[in-house]
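Asks: Quick one: this structure, given as structure tokens, is what I'll be asking you about.
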Ligand code: AOS
Ligand code: ZN
Ligand code: ZN
């Protein structure tokens with residue numbers, strides 16, 4: 001989608017300024033006792049999945065404004081993720097959504113994935129909409145429904161998702177349920193939970209033993225009185241009920257304002273049940289804004305907890321599946337995704353710069369100010385040259401967004417796919 005030479009040409013122009021800034025931060029870090037090259041290697045290894053549904057413009061119930069050139073098929077979605085990965089070398093997988101992304105020509109898809117250096121991150125089920133030709137409606141819920149026939153249909157759909165995923169070597173099923181109630185009295189709260197737990201257990205028992213089920217929670221929307229899985233505690237209880245390969249998925253936007261998300265992350269890692277992450281930014285709720293655009297310090301604190309947990313041999317948490325889950329109502333989706341990946345990597349890099357031994361000592365000695373200052377010092381470090389260097393070393397662009405713009409890629413996508421092409425999604 002973009003010639004390797006174009007990226008190199010772009011990098012040549014950026015190189016002198018980049019080198020100057022990189023040398024400066026490397027010197028600062030070395031004087032503090034860090035190994036900057038090791039940090040760059042850690043950034044290089046951090047890969048973030050792109051969801052297939054984030055490649056088109058998102059909408060609200062009030063409208064949707066297409067940007068043009070949106071991918072019209074799974075193949076074109078893979079091409080877009082391939083382009084993002086080519087630019088930043090940090091997005092080597094794509095998450096699928098069934099039924100929007102049912103694979104048709106499997107060998108050709110596999111070849112396309114390999115060609116772009118991509119794998120499938122997860123398969124996401126959809127029981128929040130009725131599809132045409134569907135026998136039973138999910139208007140009153142899916143896995144929680146009072147009628148067995150509806151529950152069975154939803155269970156079957158999830159098992160189908162696993163079957164599609166198996167064809168493309170995926171190993172993760174993500175379940176997000178819109179199930180809930182809009183009015184007091186609508187649900188028998190305990191029975192609705194029980195039915196959900198049993199349905200999830202049925203899906204789980206049909207999964208291959210090397211698959212993981214990620215259970216996502218959300219406090220409100222689309223139901224506004226009660227959600228079946230409103231919080232991490234419910235997700236955790238469901239994971240324990242269904243089996244050891246079930247893990248909690250934290251979506252940053254799925255918390256009420258001012259929730260201490262970093263503490264939730266710490267708790268789940270302590271229990272060894274944090275399996276997945278959906279990155280986005282939010283002001284009010286599930287706003288699906290660019291990651292780090294509103295509360296960068298909170299994002300850093302979350303990464304601080306993640307890095308601490310990942311480095312602690314006492315923490316027995318599985319590998320975490322990282323994904324962006326955002327909607328792009330206003331921006332070019334590809335530009336937003338490039339911004340998001342940079343924001344995530346910057347937060348990760350800053351968390352790697354926390355002096356953990358000093359922080360631990362300050363905490364043990366109840367030196368509140370010193371503990372806070374250690375975090376602030378890492379947070380206020382300009383890590384952008386480290387992120388850029390990680391991308392450059394892997395053949396990506398020093399500034400992926402600028403490279404994308406300079407190559408006029410949106411214009412060529414519009415020319416190829418049309419001004420009114422619309423990607424499947426919300
Ligand atoms: C919904 O709010 C959740 O964030 C889901 O993870 C996801 O956005 C949905 O499955 C995409 O359709
Ligand atoms: Zn999500
Ligand atoms: Zn969401």
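Asks: Within the stretch 155-194, track down each residue that is within 16 Å of ligand 3 (Cβ to nearest atom) and assigned to a strand (DSSP E or B).
Replies: Of everything in the stretch 155-194, those that are within 16 Å of ligand 3 (Cβ to nearest atom) and assigned to a strand (DSSP E or B) turn out to be 174, 175, 176, 180.
Residues checked against (1) farther than 30 Å from residue 310 by Cα; (2) buried (at least 24 other Cβ atoms within 10 Å of the Cβ):
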{"site": "43", "(1), (2)": "no, no"}
{"site": "56", "(1), (2)": "yes, yes"}
{"site": "79", "(1), (2)": "yes, no"}
{"site": "99", "(1), (2)": "yes, no"}
{"site": "104", "(1), (2)": "yes, no"}
{"site": "124", "(1), (2)": "no, yes"}
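Asks: Now, a different point. When you go through 266, 275 one by one, which is the residue that is outside any loop (DSSP other than H, G, I, E, B), touching a residue at least 40 places away in the same chain (Cβ under 8 Å) and within 14 Å of ligand 1 (Cβ to nearest atom)?
Replies: Answer to the check: 275.
Asks: Sort out which residues of the stretch 200-214 are surrounded by 16 or more Cβ atoms within 10 Å (Cβ to Cβ), outside any helix (DSSP H, G or I) and away from ligand 3 (no atom under 14 Å from the Cβ), and write them in order of number.
Replies: Scanning the stretch 200-214 gives 207, 211, 212, 213.
Asks: Assuming residue 261 fulfils every condition listed in (1) more than 16 Å from ligand 1 (Cβ to nearest atom); (2) under 17 Å from the mean Cα position of the chain (by Cα) apart from one, which condition is it?
Replies: (1)
Asks: If you don't mind, another one. Specify the residue that is nearest to ligand 1 (Cβ to nearest atom); the eligible residues are those in the stretch 243-254 that are in contact with a helix residue (DSSP H, G or I) (Cβ under 6 Å, 6 or more places away or on another chain) and over 20 Å from residue 314 (Cα atoms).
Replies: Among them, the one singled out is 246.
Asks: Answer yes or no: is there a residue in the stretch 295-306 that is out of contact with any helix residue (DSSP H, G or I) (no Cβ under 6 Å at 6 or more places or on another chain), within 16 Å of ligand 2 (Cβ to nearest atom) and in contact (Cβ under 8 Å) with a residue 40 or more places away in the chain.
Replies: no
Asks: Quick one: in the stretch 265-294, of everything that is in contact with a helix residue (DSSP H, G or I) (Cβ under 7 Å, 6 or more places away or on another chain) and over 25 Å from residue 377 (Cβ atoms), which residue is surrounded by the fewest Cβ atoms within 10 Å (Cβ to Cβ)?
Replies: The extreme case among them is 271.
Asks: Quick check on residue 106: is it more than 16 Å from ligand 1 (Cβ to nearest atom), modelled with pLDDT of 95 or more, more than 24 Å from the chain's Cα centre (by Cα) and closer than 27 Å to residue 210 by Cβ? Let's see the steps before the verdict.
Replies: Working: more than 16 Å from ligand 1 (Cβ to nearest atom): yes; modelled with pLDDT of 95 or more: yes; more than 24 Å from the chain's Cα centre (by Cα): yes; closer than 27 Å to residue 210 by Cβ: yes.
Against the criterion (more than 16 Å from ligand 1 (Cβ to nearest atom), modelled with pLDDT of 95 or more, more than 24 Å from the chain's Cα centre (by Cα) and closer than 27 Å to residue 210 by Cβ), residue 106 qualifies.
Asks: Could you grab me the full set of residues in the stretch 232-270 that are more than 16 Å from ligand 2 (Cβ to nearest atom) and within 19 Å of residue 301 (Cα to Cα)?
Replies: 257, 258, 260, 262, 263, 266, 267, 269, 270
Asks: Oh, and also: Could we say that residue 314 is within 25 Å of residue 271 (Cα to Cα) and surrounded by fewer than 18 Cβ atoms within 10 Å (Cβ to Cβ) here?
Replies: It is true that residue 314 is within 25 Å of residue 271 (Cα to Cα) and surrounded by fewer than 18 Cβ atoms within 10 Å (Cβ to Cβ).
Asks: Something else: Does residue 378 satisfy the criteria of being buried (at least 18 other Cβ atoms within 10 Å of the Cβ) and out of contact with any helix residue (DSSP H, G or I) (no Cβ under 8 Å at 6 or more places or on another chain)?
Replies: No; evaluated as a whole, the condition is false for this residue.
Asks: Which one is farthest from residue 96 (Cα to Cα) among residues in the stretch 166-178 that are touching a helix residue (DSSP H, G or I) at 6+ places or on another chain (Cβ under 8 Å) and within 15 Å of ligand 2 (Cβ to nearest atom)?
Replies: Among those residues, the one meeting the criterion is 177.
Asks: Does residue 197 fit the bill of being closer than 25 Å to residue 224 by Cα, within 16 Å of ligand 3 (Cβ to nearest atom), outside any strand (DSSP E or B) and touching a residue at least 24 places away in the same chain (Cβ under 8 Å)? Full working, then the answer.
Replies: Details: closer than 25 Å to residue 224 by Cα: yes; within 16 Å of ligand 3 (Cβ to nearest atom): no; outside any strand (DSSP E or B): yes; touching a residue at least 24 places away in the same chain (Cβ under 8 Å): yes.
Answer is no for this residue.
The values are calculated or read from the model by the stated rules, or taken from the named source; none is laboratory data. Nothing here was measured: the structure is a model prediction, and the numbers come from that model. Virtual Cβ from ideal backbone geometry, glycine too; neighbours counted across all protein chains shown.
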